[in-house]
Amino acid sequence: MSGSSNAATARPTLADLPLRPELVGEEPYGAPQLEVAVQLNVNENPYPPGPEVVADIAAAVATVAGRLNRYPDRDAWALREDLARYLGHGLTADQVWAANGSNEVMLQVLQAFGGPGRSALSFAPTYSMYPEYARDTHTRWLTAPRRADFTIDPQEAVAAVKEHAPDVVFVTSPNNPTGTAVALETLADICAAAPGVVVVDEAYVEFARTGTPSALALLPDFPRLAVSRTMSKAFAFAGGRLGYLAAAPAFVDALRIVRLPYHLSAVTQAVARVALAHADEMLAHVDLLRTERDQLATWLSEQGLEVAASDANFCLFGRFADRHRVWQALLDRDVLIRETGPDGWLRVSVGTHEEMATFTSALRQILDDPEISARKDAAR
Ligand SMILES: *Cc1c(COP(=O)(O)O)cnc(C)c1O
(Lines give C-alpha, C1' and ligand atoms only; values in the text may rest on other atoms or scores of the structure.)
Protein backbone atom coordinates (compact mmCIF):
# COMPACT_ATOMS: atom_id res chain seq x y z
CA MET A 1 0.00 0.00 0.00
CA SER A 2 1.42 3.38 -0.95
CA GLY A 3 1.33 5.90 1.84
CA SER A 4 1.74 8.95 -0.38
CA SER A 5 -1.89 9.15 -1.58
CA ASN A 6 -3.33 9.45 1.91
CA ALA A 7 -0.26 10.70 3.76
CA ALA A 8 -2.29 13.26 5.67
CA THR A 9 -4.25 10.62 7.55
CA ALA A 10 -2.26 7.41 7.38
CA ARG A 11 0.67 6.57 9.58
CA PRO A 12 3.61 6.99 7.19
CA THR A 13 6.04 4.20 6.60
CA LEU A 14 9.75 4.96 6.44
CA ALA A 15 9.49 4.87 2.65
CA ASP A 16 7.07 7.82 2.80
CA LEU A 17 9.55 10.03 4.62
CA PRO A 18 12.26 12.11 2.96
CA LEU A 19 15.07 10.14 4.57
CA ARG A 20 18.63 10.95 3.50
CA PRO A 21 19.29 8.55 0.59
CA GLU A 22 22.36 7.01 2.22
CA LEU A 23 20.21 5.99 5.19
CA VAL A 24 17.57 4.20 3.11
CA GLY A 25 17.57 0.50 3.95
CA GLU A 26 19.81 0.98 6.99
CA GLU A 27 18.91 -0.84 10.20
CA PRO A 28 19.36 0.64 13.69
CA TYR A 29 22.26 -0.81 15.74
CA GLY A 30 21.03 -4.12 16.88
CA ALA A 31 22.69 -6.67 19.05
CA PRO A 32 19.45 -8.52 19.87
CA GLN A 33 18.26 -7.71 23.41
CA LEU A 34 16.59 -11.02 24.22
CA GLU A 35 15.36 -12.35 27.55
CA VAL A 36 17.75 -15.27 27.76
CA ALA A 37 19.12 -16.88 30.93
CA VAL A 38 22.78 -16.54 29.91
CA GLN A 39 23.58 -13.26 28.11
CA LEU A 40 27.10 -13.23 26.71
CA ASN A 41 26.62 -10.96 23.71
CA VAL A 42 27.55 -7.36 24.54
CA ASN A 43 30.68 -7.68 26.70
CA GLU A 44 29.05 -6.43 29.88
CA ASN A 45 30.57 -7.06 33.29
CA PRO A 46 28.24 -9.74 34.72
CA TYR A 47 28.61 -8.51 38.31
CA PRO A 48 26.15 -5.81 39.42
CA PRO A 49 27.23 -3.09 41.87
CA GLY A 50 27.22 -4.11 45.53
CA PRO A 51 24.67 -2.86 48.11
CA GLU A 52 26.90 -0.06 49.42
CA VAL A 53 27.43 1.40 45.94
CA VAL A 54 23.72 1.04 45.17
CA ALA A 55 22.84 2.94 48.38
CA ASP A 56 25.32 5.75 47.61
CA ILE A 57 24.00 6.03 44.04
CA ALA A 58 20.43 6.25 45.33
CA ALA A 59 21.45 8.98 47.80
CA ALA A 60 23.24 10.96 45.07
CA VAL A 61 20.19 10.74 42.81
CA ALA A 62 17.97 11.95 45.68
CA THR A 63 20.25 14.98 46.11
CA VAL A 64 20.21 16.00 42.44
CA ALA A 65 16.48 15.29 42.20
CA GLY A 66 15.87 18.40 44.29
CA ARG A 67 17.65 20.54 41.67
CA LEU A 68 16.31 19.00 38.46
CA ASN A 69 14.59 22.29 37.53
CA ARG A 70 18.10 23.58 36.74
CA TYR A 71 20.37 22.60 33.85
CA PRO A 72 23.45 20.57 34.80
CA ASP A 73 27.05 21.79 34.59
CA ARG A 74 27.56 21.98 30.81
CA ASP A 75 31.24 21.16 31.12
CA ALA A 76 30.82 18.41 33.74
CA TRP A 77 33.84 19.86 35.46
CA ALA A 78 33.73 17.92 38.75
CA LEU A 79 33.22 14.64 36.91
CA ARG A 80 36.13 15.40 34.58
CA GLU A 81 38.34 16.11 37.61
CA ASP A 82 37.40 12.72 39.04
CA LEU A 83 38.06 10.99 35.71
CA ALA A 84 41.47 12.69 35.40
CA ARG A 85 42.39 11.53 38.88
CA TYR A 86 41.22 8.00 38.06
CA LEU A 87 43.31 7.90 34.86
CA GLY A 88 46.49 9.11 36.55
CA HIS A 89 49.44 9.86 34.22
CA GLY A 90 49.42 13.42 35.62
CA LEU A 91 46.25 14.25 33.66
CA THR A 92 44.07 17.21 34.60
CA ALA A 93 40.37 17.92 33.99
CA ASP A 94 41.06 20.15 30.96
CA GLN A 95 42.64 17.10 29.28
CA VAL A 96 39.58 14.92 29.83
CA TRP A 97 36.22 14.93 28.06
CA ALA A 98 33.11 12.92 28.96
CA ALA A 99 29.89 12.00 27.15
CA ASN A 100 27.04 9.50 27.22
CA GLY A 101 29.16 6.45 26.48
CA SER A 102 32.34 6.48 24.45
CA ASN A 103 30.18 5.95 21.38
CA GLU A 104 29.01 9.54 21.78
CA VAL A 105 32.63 10.61 22.15
CA MET A 106 33.46 8.86 18.82
CA LEU A 107 30.58 10.62 17.10
CA GLN A 108 31.78 13.96 18.48
CA VAL A 109 35.30 13.23 17.21
CA LEU A 110 33.93 12.72 13.71
CA GLN A 111 31.67 15.77 13.99
CA ALA A 112 34.71 17.86 14.88
CA PHE A 113 37.43 16.32 12.71
CA GLY A 114 35.57 14.37 10.00
CA GLY A 115 32.81 15.55 7.67
CA PRO A 116 32.26 16.06 3.94
CA GLY A 117 35.47 15.70 1.94
CA ARG A 118 37.22 14.14 4.91
CA SER A 119 38.04 10.53 5.77
CA ALA A 120 38.47 8.17 8.72
CA LEU A 121 40.62 5.03 8.67
CA SER A 122 40.65 1.97 10.90
CA PHE A 123 42.21 -1.51 10.81
CA ALA A 124 39.76 -4.28 9.96
CA PRO A 125 38.20 -6.26 11.45
CA THR A 126 37.33 -3.46 13.84
CA TYR A 127 34.48 -2.01 15.89
CA SER A 128 31.30 -2.14 13.84
CA MET A 129 30.01 1.25 15.03
CA TYR A 130 32.76 3.46 13.56
CA PRO A 131 31.50 3.16 9.95
CA GLU A 132 28.01 4.13 11.12
CA TYR A 133 29.29 7.34 12.70
CA ALA A 134 31.33 8.01 9.56
CA ARG A 135 28.13 7.63 7.52
CA ASP A 136 26.18 9.88 9.89
CA THR A 137 28.80 12.64 9.63
CA HIS A 138 29.43 12.26 5.86
CA THR A 139 32.98 11.15 6.57
CA ARG A 140 34.50 8.76 4.03
CA TRP A 141 35.18 5.40 5.71
CA LEU A 142 38.38 3.53 4.93
CA THR A 143 39.92 0.35 6.29
CA ALA A 144 43.33 -1.25 6.06
CA PRO A 145 43.61 -4.96 6.85
CA ARG A 146 45.07 -6.52 9.97
CA ARG A 147 47.27 -9.62 9.69
CA ALA A 148 45.63 -13.09 9.68
CA ASP A 149 46.19 -13.31 13.46
CA PHE A 150 44.45 -9.88 13.82
CA THR A 151 47.60 -8.03 14.92
CA ILE A 152 48.57 -4.84 13.09
CA ASP A 153 51.71 -4.84 10.92
CA PRO A 154 53.34 -1.50 11.82
CA GLN A 155 54.90 -1.00 8.39
CA GLU A 156 51.67 -1.74 6.54
CA ALA A 157 49.74 0.48 8.95
CA VAL A 158 52.11 3.39 8.38
CA ALA A 159 51.96 2.80 4.61
CA ALA A 160 48.13 2.85 4.71
CA VAL A 161 48.11 6.05 6.77
CA LYS A 162 50.54 7.72 4.36
CA GLU A 163 48.61 6.52 1.31
CA HIS A 164 45.17 7.68 2.47
CA ALA A 165 46.19 10.63 4.67
CA PRO A 166 43.00 10.20 6.74
CA ASP A 167 41.73 13.06 8.90
CA VAL A 168 40.90 10.60 11.69
CA VAL A 169 42.48 7.23 12.53
CA PHE A 170 40.70 4.85 14.93
CA VAL A 171 42.81 2.12 16.51
CA THR A 172 40.91 -0.18 18.86
CA SER A 173 43.17 -1.71 21.49
CA PRO A 174 42.28 -4.25 22.74
CA ASN A 175 40.30 -4.64 19.54
CA ASN A 176 36.62 -5.52 19.27
CA PRO A 177 35.63 -8.11 17.97
CA THR A 178 39.02 -9.86 18.05
CA GLY A 179 40.41 -9.00 21.53
CA THR A 180 43.83 -8.11 20.09
CA ALA A 181 45.95 -5.51 21.91
CA VAL A 182 48.14 -3.24 19.76
CA ALA A 183 51.80 -2.74 20.72
CA LEU A 184 52.69 0.73 22.00
CA GLU A 185 55.46 1.05 19.38
CA THR A 186 52.92 0.38 16.61
CA LEU A 187 50.62 3.06 18.03
CA ALA A 188 53.56 5.49 18.17
CA ASP A 189 54.44 4.71 14.54
CA ILE A 190 50.83 5.36 13.48
CA CYS A 191 50.71 8.63 15.45
CA ALA A 192 54.00 9.79 13.92
CA ALA A 193 52.71 9.08 10.40
CA ALA A 194 49.15 10.39 10.79
CA PRO A 195 48.48 13.85 9.34
CA GLY A 196 45.22 14.17 11.33
CA VAL A 197 43.99 13.01 14.71
CA VAL A 198 44.43 9.49 16.11
CA VAL A 199 41.96 7.96 18.56
CA VAL A 200 43.06 4.86 20.45
CA ASP A 201 39.85 3.24 21.69
CA GLU A 202 40.75 1.52 24.96
CA ALA A 203 37.26 0.33 25.90
CA TYR A 204 38.68 -2.98 27.16
CA VAL A 205 42.11 -1.92 28.40
CA GLU A 206 41.47 -2.88 32.05
CA PHE A 207 41.18 -6.51 30.94
CA ALA A 208 44.54 -6.55 29.16
CA ARG A 209 47.10 -9.09 30.27
CA THR A 210 49.70 -7.82 32.75
CA GLY A 211 52.38 -5.69 31.15
CA THR A 212 50.19 -4.30 28.33
CA PRO A 213 50.75 -0.53 28.55
CA SER A 214 48.05 2.07 27.89
CA ALA A 215 48.35 4.58 25.06
CA LEU A 216 47.94 7.25 27.77
CA ALA A 217 51.74 7.00 28.06
CA LEU A 218 52.02 8.40 24.50
CA LEU A 219 49.91 11.53 25.10
CA PRO A 220 52.85 13.81 25.99
CA ASP A 221 54.56 12.93 22.67
CA PHE A 222 51.62 13.28 20.28
CA PRO A 223 49.43 16.41 20.55
CA ARG A 224 46.80 15.06 18.10
CA LEU A 225 46.38 11.74 19.94
CA ALA A 226 43.30 10.98 22.02
CA VAL A 227 42.73 7.90 24.18
CA SER A 228 39.11 6.94 24.76
CA ARG A 229 37.80 4.86 27.63
CA THR A 230 34.43 3.75 28.90
CA MET A 231 32.79 2.85 32.20
CA SER A 232 30.60 0.30 30.34
CA LYS A 233 32.88 -2.72 30.38
CA ALA A 234 35.38 -3.41 33.19
CA PHE A 235 33.79 -0.67 35.31
CA ALA A 236 30.43 -2.53 35.35
CA PHE A 237 28.48 0.66 34.55
CA ALA A 238 27.04 0.05 31.06
CA GLY A 239 23.61 1.26 32.17
CA GLY A 240 25.08 4.51 33.51
CA ARG A 241 26.22 5.55 29.99
CA LEU A 242 29.53 7.24 30.61
CA GLY A 243 32.45 7.28 28.21
CA TYR A 244 35.42 9.61 28.19
CA LEU A 245 38.60 10.58 26.44
CA ALA A 246 41.98 12.01 27.37
CA ALA A 247 43.81 14.34 24.99
CA ALA A 248 45.39 17.77 24.78
CA PRO A 249 43.13 20.60 26.09
CA ALA A 250 42.79 21.94 22.52
CA PHE A 251 41.42 18.55 21.37
CA VAL A 252 38.86 18.72 24.19
CA ASP A 253 37.96 22.28 23.12
CA ALA A 254 37.20 20.95 19.62
CA LEU A 255 34.72 18.43 21.07
CA ARG A 256 33.13 21.13 23.22
CA ILE A 257 32.23 23.00 20.02
CA VAL A 258 30.14 20.13 18.63
CA ARG A 259 28.62 18.69 21.81
CA LEU A 260 24.95 19.31 22.47
CA PRO A 261 24.28 21.82 25.24
CA TYR A 262 23.95 20.05 28.60
CA HIS A 263 24.59 16.68 26.94
CA LEU A 264 25.42 14.96 30.23
CA SER A 265 22.45 14.97 32.58
CA ALA A 266 22.82 15.96 36.22
CA VAL A 267 21.82 12.42 37.15
CA THR A 268 24.50 10.90 34.90
CA GLN A 269 27.19 13.20 36.27
CA ALA A 270 26.26 12.55 39.89
CA VAL A 271 25.92 8.80 39.50
CA ALA A 272 29.18 8.44 37.55
CA ARG A 273 31.01 10.37 40.28
CA VAL A 274 29.68 7.97 42.91
CA ALA A 275 30.80 4.99 40.81
CA LEU A 276 34.27 6.54 40.41
CA ALA A 277 34.50 7.11 44.15
CA HIS A 278 33.94 3.35 44.47
CA ALA A 279 36.38 2.44 41.68
CA ASP A 280 37.97 -0.39 43.66
CA GLU A 281 34.62 -2.10 44.17
CA MET A 282 33.43 -1.43 40.62
CA LEU A 283 36.60 -3.05 39.28
CA ALA A 284 36.74 -5.79 41.90
CA HIS A 285 35.88 -8.62 39.51
CA VAL A 286 38.27 -7.69 36.70
CA ASP A 287 41.00 -10.14 37.80
CA LEU A 288 38.45 -12.91 38.09
CA LEU A 289 37.11 -12.14 34.61
CA ARG A 290 40.63 -12.15 33.13
CA THR A 291 41.28 -15.57 34.66
CA GLU A 292 37.92 -16.78 33.37
CA ARG A 293 38.80 -15.37 29.91
CA ASP A 294 42.11 -17.24 29.81
CA GLN A 295 40.40 -20.47 30.88
CA LEU A 296 37.73 -19.97 28.22
CA ALA A 297 40.36 -19.45 25.49
CA THR A 298 42.18 -22.61 26.60
CA TRP A 299 38.96 -24.60 26.67
CA LEU A 300 37.93 -23.41 23.20
CA SER A 301 41.27 -24.38 21.67
CA GLU A 302 41.15 -27.75 23.46
CA GLN A 303 37.92 -28.38 21.55
CA GLY A 304 39.88 -27.99 18.32
CA LEU A 305 38.54 -24.50 17.58
CA GLU A 306 40.49 -21.49 16.40
CA VAL A 307 40.60 -18.76 19.08
CA ALA A 308 41.93 -15.23 18.67
CA ALA A 309 44.36 -14.22 21.45
CA SER A 310 42.31 -11.93 23.71
CA ASP A 311 43.21 -9.03 26.01
CA ALA A 312 39.52 -8.20 26.44
CA ASN A 313 36.54 -9.76 28.25
CA PHE A 314 35.47 -11.88 25.29
CA CYS A 315 36.84 -14.49 22.91
CA LEU A 316 36.42 -14.71 19.15
CA PHE A 317 36.31 -18.33 18.04
CA GLY A 318 35.47 -20.43 15.00
CA ARG A 319 35.50 -20.96 12.28
CA PHE A 320 32.21 -22.51 11.32
CA ALA A 321 30.85 -23.21 7.87
CA ASP A 322 27.48 -21.83 9.09
CA ARG A 323 28.03 -19.69 12.16
CA HIS A 324 24.38 -18.66 12.33
CA ARG A 325 23.38 -22.28 12.96
CA VAL A 326 25.81 -22.51 15.86
CA TRP A 327 24.60 -19.15 17.26
CA GLN A 328 20.97 -20.35 16.99
CA ALA A 329 21.75 -23.73 18.55
CA LEU A 330 23.30 -21.91 21.54
CA LEU A 331 20.25 -19.65 21.78
CA ASP A 332 18.04 -22.76 21.75
CA ARG A 333 20.02 -23.78 24.86
CA ASP A 334 19.38 -20.37 26.52
CA VAL A 335 22.83 -18.94 25.75
CA LEU A 336 23.01 -15.69 23.78
CA ILE A 337 26.34 -14.86 22.14
CA ARG A 338 27.21 -12.53 19.24
CA GLU A 339 27.33 -13.24 15.54
CA THR A 340 30.02 -10.77 14.59
CA GLY A 341 33.50 -10.52 13.15
CA PRO A 342 34.82 -12.05 9.94
CA ASP A 343 32.82 -14.81 8.31
CA GLY A 344 32.74 -18.05 10.29
CA TRP A 345 33.67 -16.52 13.65
CA LEU A 346 31.53 -16.01 16.76
CA ARG A 347 32.19 -13.82 19.80
CA VAL A 348 31.37 -14.82 23.37
CA SER A 349 31.63 -12.46 26.35
CA VAL A 350 33.13 -13.66 29.61
CA GLY A 351 30.43 -14.08 32.24
CA THR A 352 30.35 -15.57 35.71
CA HIS A 353 31.86 -19.00 36.33
CA GLU A 354 28.36 -20.53 36.28
CA GLU A 355 27.51 -18.79 33.00
CA MET A 356 30.71 -20.07 31.42
CA ALA A 357 29.87 -23.59 32.57
CA THR A 358 26.47 -23.32 30.89
CA PHE A 359 28.08 -21.96 27.73
CA THR A 360 30.80 -24.62 27.51
CA SER A 361 28.41 -27.49 28.11
CA ALA A 362 25.96 -26.13 25.50
CA LEU A 363 28.73 -25.59 22.96
CA ARG A 364 30.16 -29.07 23.67
CA GLN A 365 26.76 -30.60 22.79
CA ILE A 366 26.69 -28.57 19.58
CA LEU A 367 30.24 -29.52 18.63
CA ASP A 368 29.20 -33.16 19.01
CA ASP A 369 26.71 -32.61 16.19
CA PRO A 370 28.87 -32.43 13.06
CA GLU A 371 25.99 -31.20 10.97
CA ILE A 372 25.56 -27.97 12.96
CA SER A 373 29.18 -27.33 13.83
CA ALA A 374 30.98 -28.16 10.57
CA ARG A 375 34.18 -26.15 10.35
CA LYS A 376 35.29 -23.92 7.58
CA ASP A 377 38.41 -25.36 6.00
CA ALA A 378 41.55 -24.45 7.92
CA ALA A 379 43.30 -22.23 5.38
CA ARG A 380 42.46 -18.58 5.99
C1 LIG B 1 31.72 -1.35 24.10
C2 LIG B 1 32.66 -0.51 23.30
C3 LIG B 1 32.75 0.86 23.51
C4 LIG B 1 32.00 1.55 24.62
O5 LIG B 1 30.74 1.87 24.36
P6 LIG B 1 29.92 2.82 25.33
O7 LIG B 1 29.23 3.75 24.40
O8 LIG B 1 30.89 3.55 26.21
O9 LIG B 1 29.03 1.92 26.10
C10 LIG B 1 33.65 1.60 22.78
N11 LIG B 1 34.44 1.01 21.87
C12 LIG B 1 34.41 -0.31 21.66
C13 LIG B 1 35.33 -0.90 20.67
C14 LIG B 1 33.50 -1.10 22.35
O15 LIG B 1 33.45 -2.42 22.11
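The values are calculated or read from the model by the stated rules, or taken from the named source; none is laboratory data. Please read these numbers as outputs of a predicted model, since none were measured by experiment. Positions of Cβ are generated from backbone atoms using ideal geometry, with glycine treated the same way; all protein chains shown enter the neighbour counts. Accessible surface is based on the protein model in full, side chains and every heavy atom, while ligands, DNA and RNA are left aside. Shrake-Rupley method; radii C 1.70, N 1.55, O 1.52, S 1.80 Å.
Here are some notes:
- Test: Phe150 is at positive phi and either in a loop (DSSP other than H, G, I, E, B) or among the hydrophobic types (A, V, I, L, M, F, W, C) (or both): yes
- Screening Tyr262, Tyr244, Tyr204 for residues that are out of contact with any His (no Cβ under 6 Å at 6 or more places or on another chain) and more than 25 Å from Asn176 (Cα to Cα) leaves exactly one candidate, Tyr262.
- Of the helices (runs of 4 or more DSSP H) entirely within the range 283-380, those holding at least 3 residues that are acidic (Asp, Glu) occupy 286-302.
- One residue stands out in the range 203-214 among those that are within 15 Å of the ligand (Cβ to nearest atom) and part of a loop (DSSP other than H, G, I, E, B): the one that is surrounded by the most Cβ atoms within 10 Å (Cβ to Cβ), namely Ala203.
- Output for the range 26-48, where each listed residue is within 16 Å of the ligand (Cβ to nearest atom) and open to solvent by 80 Å² or more (accessible area, probe 1.4 Å): Pro28, Tyr29, Gln33, Glu44
- Screening Ala217 against (1) more than 14 Å from Gln108 (Cα to Cα); (2) open to solvent by less than 10 Å² (accessible area, probe 1.4 Å) leaves a single unmet condition, (2).
Condition check ((1) under 20 Å from Asn175 (Cβ atoms); (2) surrounded by 15 or more Cβ atoms within 10 Å (Cβ to Cβ); (3) at pLDDT 95 or above) across all residues:
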site	(1), (2), (3)
Ala321	no, yes, yes
His324	no, no, yes
Val335	no, yes, yes
Arg338	yes, yes, yes
Gly344	yes, yes, yes
His353	no, no, yes
Pro370	no, no, no
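- Residue check, Ala254 within 15 Å of Val105 (Cβ to Cβ) and surrounded by 22 or more Cβ atoms within 10 Å (Cβ to Cβ): no
- Matching entry among Ala183, Ala160, Ala148 (being more than 12 Å from the ligand (Cβ to nearest atom), touching a strand residue (DSSP E or B) at 6+ places or on another chain (Cβ under 8 Å) and more than 26 Å from Met282 (Cα to Cα)): Ala160
- Breaking point among (1) within 15 Å of the ligand (Cβ to nearest atom); (2) open to solvent by 50 Å² or more (accessible area, probe 1.4 Å); (3) at positive phi, for Thr143: (3)
- With respect to being in a helix (DSSP H, G or I), assigned by TED's automatic domain parsing to the domain that holds Arg147, acidic (Asp, Glu) and away from the ligand (no atom under 16 Å from the Cβ), Glu104 falls outside the description.
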